[in-house]
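Let me begin by presenting the structure, written as structure tokens, before commenting on it.
The values are calculated or read from the model by the stated rules, or taken from the named source; none is laboratory data. Predicted, not measured: the structure shown is a model, and the values here were computed from it. All Cβ positions, glycine included, derive from the backbone under ideal geometry; neighbour counts span all protein chains shown.
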């Protein structure tokens with residue numbers, strides 16, 4: 001695409017699919033085949049009784065591209081429903097990250113202090129390291145990682161965004 | 001993701017009436033229940049159980065092609081000319097990969113195909129077994145949907161679902177991958193209620209939203225310079241949709257143009273028809289599209305061959321777009337009013353809404369608009385000057401048209417100049433009579449497609465308008481035509497060049513004819529004879545009519561080698577990167593023609 005990705009607004013799109021083999025490959029193939037961006041993608045079965053999975057995709061693009069992404073997703077045979085959570089009203093987005101910090105002395109204490117401010121929990125500890133678990137929207141996770149960088153950031157594992165619309169209406 | 005066993009829970013619900021048989025027998029039974037009469041295929045190791053089951057029955061006829069690519073094109077020709085889905089059966093590995101071009105072709109042109117591919121036995125999948133290919137992975141982007149059958153009990157359900165998906169909504173190809181053990185194992189089958197099938201997730205749209213239809217009709221009635229822009233969606237929607245279109249166009253009195261894929265939806269000989277639009281469309285059609293104030297797009301998709309440079313496409317019009325596929329709307333061109341629905345049903349709604357509101361077209365504006373159009377028309381953009389020495393390709397097609405128009409004729413083409421000339425000079429009066437590869441532009445489509453058409457219409461005249469280069473891409477299918485004694489007429493416009501590529505090289509690449517000359521051509525007459533067909537050479541403009549009549553009156557397969565002017569170009573032409581009303585016209589290539597830009601060079 002000619003536009004720079006960072007210039008386009010991000011959209012979080014939730015896709016409810018029939019949990020048949022290859023359905024994730026269909027969705028991912030659609031994005032790569034048509035040149036759309038994927039910033040983050042999460043997928044898990046959400047309804048075992050009816051065999052349904054939910055895919056949350058964070059993508060970016062101008063209005064025409066986002067509409068096109070939505071229409072293309074809806075066109076896939078095993079797709080039940082597509083919702084643009086960014087467009088269709090207020091929604092909540094969360095990410096979970098496990099962050100390994102290797103530090104001793106002052107940096108170790110500072111890392112704990114920052115973790116406290118971010119309500120991150122230390123879920124593993126040695127005398128020279130921590131693994132923190134932090135949840136929040138992506139910007140909070142980013143901020144936490146940025147602060148850990150000078151304190152001994154060693155490894156990051158993030159889930160990607162899960163999101164849901166506010167209010168009583170279900171997808 | 002999990003899901004391998006999701007469909008297995010139905011065993012307990014099984015009806016007493018269910019029968020037990022092998023997977024291959026279930027497959028054939030389900031195809032029979034779908035009303036399938038013909039399969040185009042090629043056997044191989046992985047599909048032997050299916051060929052065994054075919055051998056044991058008489059409901060379905062198998063047509064043996066000579067390469068799997070030909071099977072898919074033949075099925076496309078069958079589907080396009082009948083409105084029924086085409087069925088293909090190929091083996092695993094190379095059988096499936098050879099089918100990929102045809103599947104992509106059917107995907108681009110929205111042709112309903114069910115393609116059965118063999119697969120190695122379930123336990124071998126992923127082991128790089130002999131003739132194994134990841135058919136599901138390879139065909140995922142070039143099919144509307146695909147299935148891997150993992151349980152013989154699921155065979156029946158999947159086959160019926162595949163036909164539903166292939167034919168409903170915007171049609172397309174569907175692949176069913178069949179591991180050999182699944183075809184051998186015993187399983188249960190029960191014929192479902194085919195009239196009331198409902199898919200779990202797939203709900204194709206039918207009628208348009210009434211308020212949108214009412215609004216569209218209001219815009220149409222208020223238009224000063226309206227135009228109908230129609231496409232292949234009408235052919236897919238069916239003859240009834242085409243009949244409704246004719247009613248709507250007559251009711252309004254507005255001009256109508258068609259894409260390559262839509263030819264025949266509206267009678268080409270009618271005064272309101274402006275001819276095809278687009279890159280090789282008529283001067284009047286492209287100018288009318290550019291200058292219109294209300295564009296009514298019915299079942300077309302604003303392809304780049306139609307629009308030319310996007311920012312210059314019909315800048316002052318309000319655009320109405322009716323399409324069964326929501327992703328077609330606003331894909332390339334910003335639409336003012338998009339109506340999602342089956343085009344035939346929406347046209348019916350439009351007719352009712354127009355009559356109910358008592359709309360009348362603006363008579364004064366209409367007269368003025370038609371006066372403008374007549375001025376464009378008088379330019380006679382397709383005119384050519386047939387001399388005495390050498391046959392012009394345009395002339396050859398025009399004569400073919402004149403000499404076949406009273407007959408029950410189906411036309412297929414390959415891809416290139418001859419295809420565009422056929423679209424310009426052969427006037428189609430009815431839908432389903434014109435089979436061509438539009439979206440993918442697959443050279444070698446026409447001959448196998450003609451095989452499929454002739455199988456479906458054994459008594460009709462089927463002509464493949466071909467070029468010598470395209471013909472050679474799938475000429476092995478001559479053997480298929482010979483085997484089934486298909487009286488095809490292959491009309492090769494032989495200019496000894498890959499003509500369209502040569503034309504682009506002349507116009508865009510300084511006449512540097514890199515690798516486009518057809519060296520070492522065979523003697524097509526002898527070639528025909530070695531297949532047991534009749535070969536004819538046509539050389540002389542003076543005897544062309546007699547030669548064509550002789551071809552038509554010859555029983556059986558004829559290959560006609562029509563030697564045409566070598567360097568004739570196809571005009572009008574909107575060069576890539578130009579606006580759609582900037583056309584290079586025949587006869588004045590230099591003076592007032594649009595110049596090919598650097599940007600245009602990079603476009604296809």
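What is the one condition in (1) modelled with pLDDT of 80 or more; (2) crowded, with 16+ Cβ neighbours inside 10 Å that residue B:594 does not satisfy?
Residue B:594 satisfies every listed condition except (1).
Is it true that residue A:85 is more than 20 Å from residue A:140 (Cα to Cα) and touching a strand residue (DSSP E or B) at 6+ places or on another chain (Cβ under 7 Å)?
No; evaluated as a whole, the condition is false for this residue.
Taking only segment A:1-27 into account, find how many residues are more than 14 Å from every other protein chain (Cβ to nearest Cβ), out of contact with any helix residue (DSSP H, G or I) (no Cβ under 6 Å at 6 or more places or on another chain) and either at pLDDT 95 or above or surrounded by 17 or more Cβ atoms within 10 Å (Cβ to Cβ) (or both).
Final tally of qualifying residues: 5.
So, in segment A:28-60, exactly how many residues are more than 21 Å from residue A:94 (Cβ to Cβ), surrounded by 15 or more Cβ atoms within 10 Å (Cβ to Cβ) and within 11 Å of another protein chain (Cβ to nearest Cβ)?
Result for segment A:28-60: 4.
All but one of (1) under 15 Å from the mean Cα position of the chain (by Cα); (2) free of Cβ contacts under 8 Å to residues at least 12 places away in the same chain hold for residue B:439; state the number of the condition that does not hold.
Unmet for residue B:439, out of (1) under 15 Å from the mean Cα position of the chain (by Cα); (2) free of Cβ contacts under 8 Å to residues at least 12 places away in the same chain: (2).
Within segment B:452-467, is even one residue buried (at least 24 other Cβ atoms within 10 Å of the Cβ) and assigned to a loop (DSSP other than H, G, I, E, B)?
No: segment B:452-467 contains no residue that is buried (at least 24 other Cβ atoms within 10 Å of the Cβ) and assigned to a loop (DSSP other than H, G, I, E, B).
Does residue B:501 fit the bill of being surrounded by 14 or more Cβ atoms within 10 Å (Cβ to Cβ), within 13 Å of residue B:468 (Cα to Cα) and out of contact with any helix residue (DSSP H, G or I) (no Cβ under 6 Å at 6 or more places or on another chain)?
When the stated conditions are applied, residue B:501 does not pass them.
A quick yes/no check of all residues on (1) within 14 Å of another protein chain (Cβ to nearest Cβ); (2) under 16 Å from residue B:582 (Cα atoms); (3) within 18 Å of the chain's Cα centre (by Cα):
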{"position": "B:273", "(1), (2), (3)": "no, no, no"}
{"position": "B:278", "(1), (2), (3)": "no, yes, yes"}
{"position": "B:292", "(1), (2), (3)": "no, yes, no"}
{"position": "B:296", "(1), (2), (3)": "no, no, no"}
{"position": "B:324", "(1), (2), (3)": "yes, no, yes"}
{"position": "B:341", "(1), (2), (3)": "no, no, no"}
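Got a sec? Which helices (runs of 4 or more DSSP H) wholly within segment B:483-573 have at least 3 residues that are over 20 Å from residue B:402 (Cα atoms)?
B:499-508, B:524-530
Please verify whether segment B:173-190 includes one or more residues that are more than 14 Å from chain A (Cβ to nearest Cβ) and out of contact with any helix residue (DSSP H, G or I) (no Cβ under 9 Å at 6 or more places or on another chain).
no
So, residue A:72, is that one within 18 Å of residue B:203 (Cα to Cα) and at pLDDT 95 or above or not?
yes
Given the residues B:203, B:301, B:225, which is the only one that is touching a helix residue (DSSP H, G or I) at 6+ places or on another chain (Cβ under 6 Å) and within 14 Å of chain A (Cβ to nearest Cβ)?
Of B:203, B:301, B:225, the one residue that is touching a helix residue (DSSP H, G or I) at 6+ places or on another chain (Cβ under 6 Å) and within 14 Å of chain A (Cβ to nearest Cβ) is B:301.
Taking segment B:304-322 on its own, how many of its residues are away from chain A (no Cβ under 14 Å), within 15 Å of residue A:64 (Cβ to Cβ) and part of a helix (DSSP H, G or I)?
Counting residues in segment B:304-322 that are away from chain A (no Cβ under 14 Å), within 15 Å of residue A:64 (Cβ to Cβ) and part of a helix (DSSP H, G or I) gives 1.
Name the residues in segment A:135-171 that are under 13 Å from the mean Cα position of the chain (by Cα) and assigned to a strand (DSSP E or B), would you?
A:135, A:136, A:157, A:158, A:162, A:163, A:164 - these are the residues of segment A:135-171 that are under 13 Å from the mean Cα position of the chain (by Cα) and assigned to a strand (DSSP E or B).
Go through segment B:48-106 and give me each residue that's in a loop (DSSP other than H, G, I, E, B), more than 13 Å from residue B:172 (Cα to Cα) and in contact (Cβ under 8 Å) with a residue 40 or more places away in the chain.
B:65, B:66, B:67, B:91, B:92, B:93
For (1) within 30 Å of residue A:127 (Cα to Cα); (2) more than 14 Å from chain B (Cβ to nearest Cβ), each residue gets a yes or a no:
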| site | (1), (2) |
| --- | --- |
| A:67 | no, no |
| A:79 | no, no |
| A:91 | no, yes |
| A:94 | no, yes |
| A:97 | yes, yes |
| A:102 | yes, yes |
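For residues in segment B:145-156 being within 14 Å of chain A (Cβ to nearest Cβ) and touching a residue at least 60 places away in the same chain (Cβ under 8 Å), which is nearest to the chain's Cα centre (by Cα)?
Ranking the qualifying residues of segment B:145-156, first place goes to B:149.
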